[in-house]
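To start, the structure itself, in structure tokens.
The values are calculated or read from the model by the stated rules, or taken from the named source; none is laboratory data. As the structure is a computational prediction, the values presented were derived from the model and not from experiment. Ideal geometry is used to build each Cβ from the backbone, glycine not excepted, and the neighbour counts take in all protein chains shown. Each accessible area value is taken on the protein alone, full model and side chains, heavy atoms only, with ligands, DNA and RNA left out. Shrake-Rupley method; radii C 1.70, N 1.55, O 1.52, S 1.80 Å.
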Amino acid sequence: MDATSATGVLHPYWPRDLLIPTYVANDRSMSEILVFLFSVSGLFLLVTWLITGQKGKTGRLGTWRRLAVCWFAVCGFIHGVIEGWFSLYYDIIPADQSFLSQLWKEYSKGDSRYVIADNFTVCMETVTAWLWGPFSFWAVFAFLTNKPYRFVLQLIISLGQLYGAVLYFYTEHRDGYSHSELGHPIYFWFYFVFMNVLWIIIPLVLIVDAWRQLSAAQTQTDNKKSKRN
């Protein structure tokens, strides 16, 4: 159900008395927007999966490592393109009918901070777009070419993603989950919770993985030094 703001403009966002004077309703359906998002993400995943299955100079990557590289490819798309759009056009999104603006207006049903250009979301998404987006594609390149710094990149990106996601949830928790319809199966549980908790769970796993890989490399270096001495 739409709500009427103080200016008489109808909008579907929470809290119900939210003022969005420039809001224009989407002319694209939720299904169109979600099909686009998951189709393109799936394409990035599929192409990266096929590329990582090729035998390189150091042999084929294992299944787990291929999945991790696929994750970074999808992150590069989401951070660089989707979140990059928000970082550039956050101030006109409520009135704009470009496809990516409509995507953000749809997502804002789960978190209206995006449609009102909340300071935290603008700052957090800008950092994410312009750092973790390019870094994610760099990580894909690093793993495909077996660069020695690949796990350093994995650790840096994952720490950044985890920190941003924790702040994202914690700031909304302190606001009393007032920017979404609490408990709504799609807008709250799918948009707000599920689509963001992935950037807590997966980065945590990758941080542990990078920790182990870097620790093993440092142990090997230390052992070589002790043998020389």
Practice prompt. Residues being open to solvent by 40 Å² or more (accessible area, probe 1.4 Å) and more than 30 Å from I51 (Cβ to Cβ): count how many of those fall in the range 129-168.
Written response: 2
Worksheet, complete the sentence: Reported set for the range 41-81 where residues are polar (S, T, N, Q), in a loop (DSSP other than H, G, I, E, B) and in contact (Cβ under 8 Å) with a residue 40 or more places away in the chain is T58
Practice prompt. Quick one: which residue in E125, E172 is over 13 Å from the mean Cα position of the chain (by Cα), touching a residue at least 40 places away in the same chain (Cβ under 8 Å) and more than 24 Å from T52 (Cβ to Cβ)?
Written response: E172
Practice prompt. Could you tell me whether C75 is open to solvent by 30 Å² or more (accessible area, probe 1.4 Å), within 25 Å of L206 (Cβ to Cβ) and modelled with pLDDT of 95 or more?
Written response: no
Worksheet item: Tell me, which residue of the range 174-229 that is under 22 Å from D17 (Cα atoms) and hydroxyl-bearing (S, T, Y) is most open to solvent (accessible area, probe 1.4 Å)?
Response: Y177
